[in-house]
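Heads up, the thing below is written out as structure tokens.
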Amino acid sequence: MVIIMRKLSVNKIKAVILGHAVADALGVPVEFSSREELDESPVTDMEGFGTYPYPAGCWSDDTSMTLCALHSLSDGELNFDDIMQNFGKWYYKDEFTPTGELFDVGNACSTAIDNYFKKHLDAENCGLKGENSNGNGSLMRILPFSLLFPNDYEVIYKASALTHAHLRSKMACLIYTMVLNEILSNNSKEAVIRGIEKAKAFYEEEPEWEYFERLPIIDIHTNIMTKTLAKPKYVKQSATSISISLSKNKMPNCFKNGLMKLFIIMKN
């Protein structure tokens, strides 16, 4: 079966990936902070040396694994073995990192990579299938697949399953893809709602949808919902938080400043 990539301009791909990297780097110094701590001391600029002993502008495993996939897909082919090879270069050899040193990796991702290299499982069978493995490790790196295969739901599911094979994790990736696709088609707050409604219609008969049912009731014109969300360690909470963030449709100063500092890190 021939899998066709969507053709996007290089500038659009760069914009989305850089946006992802900046948001990631903004969050690295305050990872594991409580929502109350962030309310009291919000992130207003790119910072460093918080949770990890690294300078401002350093991204985490979120962006590293995203770059692993993007590097493989830049050859114009979808090859899950090649993507897993890149995951191995990152995990075992510290490639695709901002400082040449890996400092953050989730248990599910590390187990899946070990499954591929040490247990020699097929790439598509490396991901963890248990309900308790529903972390954010596939959602955080799904962007390249969402950009290039927005309408190929099987590809999105298989991309998630490289590390996270439970249906809930795969659904979160597809919901995110639907929202992103609507934003790229028509960049507006309403695009977020259209993407969520599209997902709701697609998963109408799926029992797992109950874990995402709060998504359609988000008021994109207020910030009220963020006050009721649990700290987004779990995939369904992160999917909700991402949807809210996408709906803001503005670039805050900390994002602009962060972009400049990220460029410095990449240049060096």
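The values are calculated or read from the model by the stated rules, or taken from the named source; none is laboratory data. Fair warning: this is a prediction, and the values are worked out from it, not measured in the lab. Neighbour counts run over all protein chains shown; Cβ positions are idealised from the backbone, glycine included.
Would you check if there is a residue in the range 134-145 being in contact with a Pro (Cβ under 8 Å, 6 or more places away or on another chain) and not basic (Lys, Arg)?
So far as the range 134-145 goes, yes, one or more of its residues are in contact with a Pro (Cβ under 8 Å, 6 or more places away or on another chain) and not basic (Lys, Arg).
Can Asp94 be described as closer than 30 Å to Gly48 by Cα and surrounded by fewer than 19 Cβ atoms within 10 Å (Cβ to Cβ)?
Yes: the conditions hold for Asp94.
Farther than 19 Å from Ala23 by Cα, crowded, with 19+ Cβ neighbours inside 10 Å, of a type in the set (Lys, Arg) and modelled with pLDDT of 95 or more - does that describe any residue in the range 142-158?
Checked the range 142-158: at least one residue is farther than 19 Å from Ala23 by Cα, crowded, with 19+ Cβ neighbours inside 10 Å, of a type in the set (Lys, Arg) and modelled with pLDDT of 95 or more.
Checking the condition modelled with pLDDT of 90 or more, surrounded by fewer than 19 Cβ atoms within 10 Å (Cβ to Cβ) and assigned to a loop (DSSP other than H, G, I, E, B), which residue from Glu208, Glu204, Glu197 passes?
The unique qualifying residue is Glu204.
Can you find a residue in the range 78-95 that is over 19 Å from Leu139 (Cα atoms), at pLDDT below 95 and of a type outside the set (Val, Ile, Thr)?
No; the residues of the range 78-95 include none that is over 19 Å from Leu139 (Cα atoms), at pLDDT below 95 and of a type outside the set (Val, Ile, Thr).
In the list Asn186, Asn223, which residue meets the criterion of being at pLDDT below 75 and over 19 Å from the mean Cα position of the chain (by Cα)?
Just one listed residue meets the conditions, Asn223.
I'm checking my understanding of the structure. Among residues of the range 55-66 that are crowded, with 23+ Cβ neighbours inside 10 Å and farther than 19 Å from Asn107 by Cα, which one is modelled with the lowest pLDDT?
Taking the candidates together, the pick is Gly57.
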